[in-house]
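Colleague: Starting off with a structure, shown below.
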Amino acid sequence: MKGIKAASKYLLAILMIGVGILHFVQPEFFVKIMPPYLPFHLELVYLSGFFEAAMGLLLLVPRTSGMAAWGIIALLIAVFPANIYLYQHQELLPASPMVHFLRLPLQGVFILWAYWHTRPES
(Lines give C-alpha, C1' and ligand atoms only; values in the text may rest on other atoms or scores of the structure.)
Protein backbone atom coordinates (compact mmCIF):
# COMPACT_ATOMS: atom_id res chain seq x y z
CA MET A 1 0.00 0.00 0.00
CA LYS A 2 2.90 2.35 0.75
CA GLY A 3 4.14 2.11 -2.85
CA ILE A 4 0.68 2.82 -4.24
CA LYS A 5 0.30 5.88 -2.02
CA ALA A 6 3.73 7.17 -3.03
CA ALA A 7 2.94 6.69 -6.73
CA SER A 8 -0.43 8.39 -6.20
CA LYS A 9 1.26 11.36 -4.53
CA TYR A 10 3.73 11.74 -7.41
CA LEU A 11 0.93 11.51 -9.98
CA LEU A 12 -1.16 14.12 -8.15
CA ALA A 13 1.89 16.38 -7.86
CA ILE A 14 2.67 16.05 -11.57
CA LEU A 15 -0.95 16.85 -12.48
CA MET A 16 -1.01 19.90 -10.21
CA ILE A 17 2.32 21.19 -11.50
CA GLY A 18 1.29 20.57 -15.11
CA VAL A 19 -2.07 22.31 -14.79
CA GLY A 20 -0.41 25.13 -12.87
CA ILE A 21 2.05 25.67 -15.71
CA LEU A 22 -0.82 25.61 -18.22
CA HIS A 23 -2.25 28.67 -16.46
CA PHE A 24 0.82 30.58 -17.65
CA VAL A 25 1.14 28.94 -21.08
CA GLN A 26 -2.54 29.18 -22.05
CA PRO A 27 -4.11 31.74 -19.71
CA GLU A 28 -6.79 32.65 -22.25
CA PHE A 29 -8.49 29.27 -21.74
CA PHE A 30 -8.73 29.78 -17.99
CA VAL A 31 -9.76 33.43 -18.31
CA LYS A 32 -12.74 32.53 -20.49
CA ILE A 33 -14.14 30.10 -17.90
CA MET A 34 -13.91 32.63 -15.06
CA PRO A 35 -17.31 33.64 -13.74
CA PRO A 36 -17.98 37.29 -14.62
CA TYR A 37 -18.68 38.24 -11.00
CA LEU A 38 -15.01 37.67 -10.12
CA PRO A 39 -12.65 40.60 -10.67
CA PHE A 40 -9.13 40.54 -12.11
CA HIS A 41 -9.57 37.43 -14.26
CA LEU A 42 -6.04 37.24 -15.65
CA GLU A 43 -4.47 37.96 -12.29
CA LEU A 44 -6.57 35.24 -10.63
CA VAL A 45 -5.62 32.78 -13.36
CA TYR A 46 -1.93 33.47 -12.74
CA LEU A 47 -2.41 33.33 -8.98
CA SER A 48 -4.25 30.01 -9.08
CA GLY A 49 -1.68 28.63 -11.52
CA PHE A 50 1.14 29.65 -9.19
CA PHE A 51 -0.53 27.97 -6.23
CA GLU A 52 -1.36 24.83 -8.20
CA ALA A 53 2.27 24.42 -9.23
CA ALA A 54 3.54 25.37 -5.76
CA MET A 55 1.22 22.93 -3.99
CA GLY A 56 2.26 20.21 -6.43
CA LEU A 57 5.93 20.84 -5.66
CA LEU A 58 5.31 21.02 -1.90
CA LEU A 59 3.41 17.74 -2.08
CA LEU A 60 6.68 16.08 -3.06
CA VAL A 61 8.50 17.33 0.06
CA PRO A 62 7.80 14.96 2.97
CA ARG A 63 7.90 17.76 5.52
CA THR A 64 5.29 19.84 3.68
CA SER A 65 3.23 17.22 1.86
CA GLY A 66 0.36 17.15 4.38
CA MET A 67 0.03 20.93 4.32
CA ALA A 68 0.26 20.90 0.51
CA ALA A 69 -2.54 18.33 0.29
CA TRP A 70 -4.76 20.62 2.39
CA GLY A 71 -3.73 23.50 0.13
CA ILE A 72 -4.74 21.48 -2.93
CA ILE A 73 -8.13 20.80 -1.35
CA ALA A 74 -8.64 24.51 -0.65
CA LEU A 75 -7.58 25.38 -4.18
CA LEU A 76 -9.93 22.82 -5.73
CA ILE A 77 -12.80 24.27 -3.72
CA ALA A 78 -11.80 27.82 -4.69
CA VAL A 79 -11.80 27.08 -8.43
CA PHE A 80 -15.04 25.10 -8.36
CA PRO A 81 -17.14 28.15 -9.36
CA ALA A 82 -15.25 28.17 -12.68
CA ASN A 83 -16.35 24.56 -13.25
CA ILE A 84 -19.94 25.48 -12.48
CA TYR A 85 -19.72 28.47 -14.80
CA LEU A 86 -18.31 26.28 -17.55
CA TYR A 87 -21.16 23.80 -17.05
CA GLN A 88 -23.66 26.65 -17.35
CA HIS A 89 -21.91 28.00 -20.48
CA GLN A 90 -20.90 24.86 -22.34
CA GLU A 91 -20.30 26.79 -25.55
CA LEU A 92 -17.01 27.97 -24.00
CA LEU A 93 -15.51 24.50 -24.32
CA PRO A 94 -16.91 22.29 -27.07
CA ALA A 95 -17.68 18.91 -25.52
CA SER A 96 -20.72 16.78 -24.89
CA PRO A 97 -23.06 17.84 -22.08
CA MET A 98 -22.14 14.61 -20.27
CA VAL A 99 -18.44 15.57 -20.25
CA HIS A 100 -19.34 18.96 -18.80
CA PHE A 101 -21.54 17.32 -16.19
CA LEU A 102 -18.92 14.74 -15.18
CA ARG A 103 -16.33 17.45 -14.59
CA LEU A 104 -18.34 18.57 -11.55
CA PRO A 105 -18.20 15.36 -9.47
CA LEU A 106 -14.67 14.75 -10.76
CA GLN A 107 -13.64 17.74 -8.66
CA GLY A 108 -14.85 15.81 -5.62
CA VAL A 109 -12.73 12.84 -6.65
CA PHE A 110 -9.68 15.10 -6.83
CA ILE A 111 -10.50 16.49 -3.38
CA LEU A 112 -10.71 12.96 -1.95
CA TRP A 113 -7.47 12.07 -3.72
CA ALA A 114 -5.71 15.03 -2.12
CA TYR A 115 -7.31 14.23 1.25
CA TRP A 116 -5.69 10.79 1.16
CA HIS A 117 -2.35 12.61 1.28
CA THR A 118 -3.15 14.88 4.23
CA ARG A 119 -1.82 12.31 6.67
CA PRO A 120 1.65 10.79 6.76
CA GLU A 121 2.22 7.12 6.08
CA SER A 122 1.45 5.01 9.13
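Colleague: Rounded to a whole number, what % of the accessible area of the chain do carbon and sulfur atoms account for, probe 1.4 Å?
Modeller: The nonpolar share, carbon plus sulfur, comes to 76 percent.
Colleague: While we're on this one: Restricted to Cα positions, what overall size does the chain have along the principal axes? Three whole-Å values, descending.
Modeller: In descending order, the Cα extents are 46, 30, 21 Å.
Colleague: Taking 2.2 N^0.38 Å as the expected size of a compact globular protein, what ratio does the Cα radius of gyration of the stretch 75-120 give against it, to two decimals?
Modeller: Compactness ratio reported: 1.32.
Colleague: Can you tell me the relative contact order of the stretch 51-122? Whole percent, Cα pairs under 8 Å, sequence separation 6 or more.
Modeller: Computed value for the stretch 51-122: 39 percent relative contact order.
Colleague: Relative contact order of the chain: what whole-number percent is it, with Cα pairs under 8 angstrom and at least 6 residues apart?
Modeller: 29 percent
Colleague: For the stretch 19-81, just list the percent of Cα-Cα distances falling in each 5 Å bin from zero outward, please.
Modeller: Bin by bin from 0 Å, the calculated values are 4, 20, 26, 23, 15, 8, 4, 1.
Colleague: Shifting gears a bit: Around I73, what is the net charge, scoring Lys/Arg as +1 and Asp/Glu as -1 over all other residues with Cβ under 15 Å from its Cβ?
Modeller: +1
Colleague: Right, something else. Can you work out the accessible area per residue across the chain, with the rest of the protein chains kept in place, probe 1.4 Å, in square angstrom?
Modeller: I get 61 Å² per residue for the chain.
Colleague: Something else: Rounded to the nearest 0.05, what FRET efficiency is calculated for T64 and I14 with R0 set to 25 Å and r the Cβ-Cβ distance?
Modeller: 0.90
Colleague: Per residue of the chain, what 222 nm ellipticity follows from adding -39500 (n - 2.57) for every DSSP H run with n ≥ 4, rounded to the nearest 500?
Modeller: It lands at -25000 deg cm²/dmol.
Colleague: Report the FRET efficiency, 1/(1 + (r/R0)^6), for R103 and K2, where r is their Cβ-Cβ distance and R0 is 25 Å, rounded to 0.05.
Modeller: So, using R0 = 25 Å, E works out to roughly 0.20.
The values are calculated or read from the model by the stated rules, or taken from the named source; none is laboratory data. Values in this document were obtained by computation on a predicted structure and should not be read as measured data. Positions of Cβ are generated from backbone atoms using ideal geometry, with glycine treated the same way; all protein chains shown enter the neighbour counts. Keep in mind that these areas ignore ligands, DNA and RNA; they rest on the heavy atoms of the full protein, side chains included. Shrake-Rupley method; radii C 1.70, N 1.55, O 1.52, S 1.80 Å.
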